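Read through the structure below, which is laid out as C-alpha cells, and then see the notes.
The values are calculated or read from the model by the stated rules, or taken from the named source; none is laboratory data. Since the model is a prediction, treat every value here as computed from it, not as a measurement. Because the Cβ atoms are built from the backbone with ideal geometry, glycine has one as well, and the counts that use them run over all protein chains shown.
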Amino acid sequence: MPRPPVEDDVRKAVRDYLAAAVSRSPEEAPLNVLAVAKQTGFDRKTLKKYGLDIEVSRAAKQQAHAGRLSPRETARRSQADAMHDRDQEIADLQRRCEGLVARICLAEGNAQRLGIDPVELWRPLAMPDRSIPHAGENSKRRRTGPL
C-alpha cells in the first residue's frame, strides 16, 4: 500500500507558520525556504515541490513591508533608545560611585583599626625639600679605562 500524500499537512503547517511569522520581525522569525523548513519539520525540497516557496517569498515581502517604519517613528525609536542608553549609563555610574564610597569607608575603617587617625588620610602630601640637590657620589662621572 502506498504512502498517503503529505501535501495537505505540509501546506497547513507552512501557512500556519507564515501567518504567525508575518507579524514578527525578520530576526525573530526569518522567512526563507530553509528557515521555514526547519521550523515546520519538513524538507525544503518538499516545500518547493508543492510550490510553497512562492508563498514563503510573498510572506517575506509582507513581513518586510510591515517592518518599515515611518521617519517619525524611526526618530521616536532612536530617541527612546538614546534615553535607555543614557539611563543605563547613569545606573552604571551610580553603581561605580557606590562601590568607590564603600572602598573609602573600608580604608577609613582599617586605618582606625590600625590606630591611624582617618582624618590623616585626607591631608595633602607635604612637598619634598628641594633646597638641597640630591646629586651625590653616584651622579659624578666615573672614569673608565686605564689610569
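For the reader, a short list of remarks on this structure follows.
- Taking residues in region 90-112 that are touching a residue at least 60 places away in the same chain (Cβ under 8 Å), and partners anywhere that are hydrophobic (A, V, I, L, M, F, W, C), not one pair has Cβ atoms closer than 9 Å while being at least 6 places apart or on different chains.
- Restricting attention to region 18-64, the residues that are more than 32 Å from the chain's Cα centre (by Cα) and among the charged types (D, E, K, R) total 8.
- Residues being of a type in the set (S, T, N, Q) and closer than 13 Å to Y17 by Cβ - total across region 40-67: 2
- Single match in R72, R24, R58 (criterion: in a loop (DSSP other than H, G, I, E, B) and either of a type in the set (A, V, I, L, M) or free of Cβ contacts under 8 Å to residues at least 40 places away in the same chain (or both)): R24
- Test: residue in region 35-53 that is exposed (fewer than 13 other Cβ atoms within 10 Å of the Cβ) and among the polar types (S, T, N, Q): no
- Looking only at residues of region 112-125 that are part of a helix (DSSP H, G or I) and either modelled with pLDDT of 95 or more or not hydrophobic (A, V, I, L, M, F, W, C) (or both), we find that the one that is surrounded by the most Cβ atoms within 10 Å (Cβ to Cβ) is P118.
- Members of region 18-44 that are among the hydroxyl-bearing types (S, T, Y) and closer than 20 Å to A66 by Cβ: S23, S25
- Taking (1) surrounded by 15 or more Cβ atoms within 10 Å (Cβ to Cβ); (2) part of a helix (DSSP H, G or I) in turn, R15 satisfies each apart from (1).
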